[in-house]
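Only one structure is covered here, and it is reproduced in the block below.
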Amino acid sequence: MFRRLNHPVWAFSGSFICYFLIARLGLLFRTEPDQFAIFWPPNGWLLGLLLTTQGRQRQVILGNAGLACILANLSGGNSVPVSLGFTVVNMAEPIIAAWVLLRVGGGRFRVSSPGDVLQLYFVALCVCLISALGGTAVITHGLGVPDPVRVYRLFLLADAISVVLVTPVILVWAHAPAEATSLRPKRAFEAACCVILISALTLLIFGESGGSPWKTTSWAFPVVAILIWPALRFGLRGTATGVLVVSLIAIWNTGVGRGPFATVNASAADQLLAVQYFLSVLSLSSLSLAAALEQREEYRQQLLETQKTEAIGQLAGPIAHDFNNIMTVVNCVSETLMLDPTTTPEQKQQVEEIYVAGRKAADLTGQLMTIGRKQTFNSESVDLNALITHMYPLLTRLAGNTISIETDLQHDLHSVSVDSRQLERVIVNLIVNAREAMPDGGAVLLTTMNLSPGDGRGRVRLSIRDDGIGMTRDVLRRIFEPHFTTRKAVGGTGLGLASSRGIIQQCGGQLEVESAAGEGSVFHITLPGSGKAAKPNREVISAQADREVILLVDDEESIRRSVGLWLERHGYHVLPATDGEEALELSLQHERIDLLLTDLTMPGLNGRRLASEMLAARPLLPVILMSGHAPADQMDGREDFRQVHFVQKPFLLPKLTESIRGLLDSRGDEASEQRRAG
């Protein structure tokens, strides 16, 4: 709904007209004989817009609002100096409040929890405490109103009330799905009945005058009870709207001397202060209740999703090891045959088909293990901007000719702690989804930003925004469910977004989405900062000339044979062993062993215990553990060897070679440092 505020026509004309009309509405709440407004809704309206727009639109709206504020005050009978004074105060207040809220919220602010409601109220009160000083000066000196203490109290509550009543309405409707504004007939009828009942009850209570029995403050509290209906049935949007309706009726009637707060023994100022206090508490309690109910439902959905994830993990875990062992053999043999010079072109084509099918099967298993939190990642310090720049040509090809890839990268971005290859997989998946959502073309914007300053250990956000067809509320609710897809007709598996979310969560981050039907989508990837310099890419090179020795241990003969053949062809000398006991015997027989490459799960002496035994005798020995299981299923967490690396089966042989080369080179660098130190 309010996402259309970013449209240029709205920014240049609609914002001016709306602010002027709302300001004229606020002038209707002026007191007699002081002639200053006790309720100023434009401030809350402008704050809501500043929190829901960005960039140039925000600047244009500010300029138009300032001009409209001057004209509204002039048309209301105020002098030029008074109009300018009110404009300065009314512009500064939402600007400062928006800056604080966006700063605290990491660039965005939403009312979605009781904590958000309290944060909005606290910031509004603090800013209004300061801006009310300026407003009091304008009123007492410009309008000649006496008693600055009374004026300050009224001005403070008038501005604070406008923020806490109007801003939540803007925020909750701005982030509402497009279909939320078009209710089904039955629900629309219920919403209409709710509004009519709230309005009628409020008019009944606050519309009485004279010696009516309603002229006691205790009769105002039934309004609190009736707002439970929209809180239970319509969430934050219904509650914020209901509170605004009640407040407009209550303030108007109290201002003309009607309702339970217009008591005979109280001055007009005290009556207004009383109703403002009441509405502040009413708004805070009602919105907090609605936010708590929505948050409770969100937690319930997260619990259901977690249970589904655990079920998938329990299903995938037991079969993963055996299946991945089989696929490791298939892929290793396929790669070896494709690189064999004796293989004919026809044979290579057939082997390539086997290899592609094997990779698809391995990827499918990997996705299931990722969803079930059973996948293994090697986190490192990554320069996110450099990663996106490196991927840009690939992303451009993926998007196609009708879609442009744009970037907005923060220049002083912190490094992040993540598995770079898995993050690349997530980004590619999101770009492909964006392409599918824009059949007629469009643009995709990749934005990076630091969410918190400091030593680089704060969080970093990557946002991927498209202007495609968007998602309905029902699709948005299920978008991360495994096997849920809207593209079954074109072969969608429904595992892409589910596995992407699993990858980001296992790296300590979050993957969130905002979308509405017809208005595009934006995916936010939030990652932890590493606090370290980014690790440069290492080129893969072959073994050194003196034939480095690798002790290869696996109880699967086919894996020993295929991996061993590959390593031999790349210049390594391989010592194969069927189990841990045989590996220990070989280590005693051979003085030189440069690296231990062992399966993690083996009968008898398993890979973890074998690594412990060999590292006790060879402290600098690099170790690579292989397994179809995640290492957390086999490791008890007591070992902390920095030269131990984990490889998930099935793996690509070039990637295995890269890992071996990296560990061997690191060991050589460390040995050289020790010799220099000695």
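Read-outs throughout are calculated quantities, based only on the coordinates presented, and are distinct from any laboratory measurement. This one's a predicted model, so the numbers in the text were calculated from it and none came from an experiment. No Cβ is skipped: glycine too gets one built from the backbone with ideal geometry, and neighbour counts run over all protein chains shown.
From the square roots a ≥ b ≥ c of the eigenvalues of the alpha-carbon gyration tensor of the range 548-587, which class results: rounded (a/c under 1.5), prolate (a/b over b/c), or oblate? Before the final figure, lay out each step's value.
Values: a/c = 4.05, a/b = 1.33, b/c = 3.05.
Note, shape of the range 548-587 comes out oblate.
Mind ordering 227-240, 100-113 by average Cβ neighbours within 10 Å, highest first? If you can, show how the numbers build up before the last one.
Numbers: 227-240: 21.4, 100-113: 16.7.
Averaged packing, sorted descending, gives the order 227-240, 100-113.
Compute the distance from the alpha-carbon center of the range 407-441 to that of the range 647-664, in whole Å.
25 Å
Among 408-415, 198-205, what's the highest-first ranking by average C-beta atoms within 10 angstrom per residue?
In decreasing order of mean packing, 408-415, 198-205 become 198-205, 408-415.
So what is the relative contact order for the range 380-528, in percent, with contacts set as C-alpha pairs under 8 Å and at least six apart?
Details: 275 pairs, mean separation 35.6, N = 149.
Relative contact order for the range 380-528 comes out at 24 percent.
In terms of modelled amide H atoms, which long-range or inter-chain residues lie less than 5 Å from the amide H of Ile624?
Residues meeting the criterion, in which the H sits 1.01 Å from N, are Leu596, Leu597, Thr598, His645.
Which of the peptides 77-90, 516-529, 150-163 is most tightly packed, and how do the rest follow, judged by the mean count of other Cβ atoms within 10 Å per residue?
Details: 77-90: 18.4, 516-529: 20.2, 150-163: 23.4.
Per-residue mean Cβ counts within 10 Å order the peptides as 150-163, 516-529, 77-90.
Quote to one decimal, in nm, the extra length available between Arg103 and Ile17 on full extension: 0.36 nm per residue of separation minus the C-alpha distance between them. The partial results should precede the final answer.
Working: separation 86, 0.36 × 86 = 30.96 nm, distance 2.91 nm.
Stretched out fully, the Arg103 to Ile17 stretch lengthens by 28.0 nm.
Roughly what % of DSSP beta bridges within the range 380-528 run antiparallel, to the nearest 5?
Values: 24 of 31 bridges.
Percentage antiparallel, nearest 5: 75.
Label Ile196 and Leu28 with points 7 Å out from Cα along Cα→Cβ: what is the distance between them in nm?
2.2 nm
Stretched out fully, how many nm does the piece from Thr578 to Leu394 gain, at 0.36 nm a residue minus the Cα gap? Don't skip to the end; give the middle numbers.
Details: separation 184, 0.36 × 184 = 66.24 nm, distance 4.19 nm.
Length difference between fully extended and current span is 62.0 nm.
Multiply the residue gap between Leu339 and Ser558 by 0.36 nm, knock off their C-alpha separation, and tell me the result in nm, one decimal place.
Details: separation 219, 0.36 × 219 = 78.84 nm, distance 1.83 nm.
Between Leu339 and Ser558, full extension yields 77.0 nm more.
First measure r as the distance between the Cβ atoms of Ser218 and Arg110, then evaluate 1/(1 + (r/R0)^6) with R0 = 22 Å and state the FRET efficiency to the nearest 0.05. Write out the running numbers ahead of the final one.
Working: r = 36 Å, r/R0 = 1.63.
The calculated FRET efficiency here is 0.05.
Mind sorting Trp40, Trp173 by how few other Cβ atoms lie within 10 Å of their own Cβ, fewest first?
With the sparsest Cβ surroundings first, the list reads Trp173, Trp40.
With θ taken as phi - 60° and the coefficients 6.51, -1.76 and 1.60, list the Karplus ³J(HN,Hα) couplings across the range 58-70 in order, rounded to whole Hz; mark glycine and proline as x.
In residue order, the calculated couplings are 4, 5, 5, 4, 4, x, 5, 5, x, 5, 5, 5, 4 Hz.
In nm, to one decimal, how far is the Ala137 label point from the Met449 one, both placed 7 Å along Cα→Cβ?
3.2 nm
Using 1/(1 + (r/R0)^6) with R0 = 51 angstrom and r between the beta carbons of Leu129 and His411, what's the FRET efficiency to the nearest 0.05? All intermediate terms of the calculation are to be shown ahead of the outcome.
Details: r = 37 Å, r/R0 = 0.72.
Working from the Cβ atoms, E equals 0.90.
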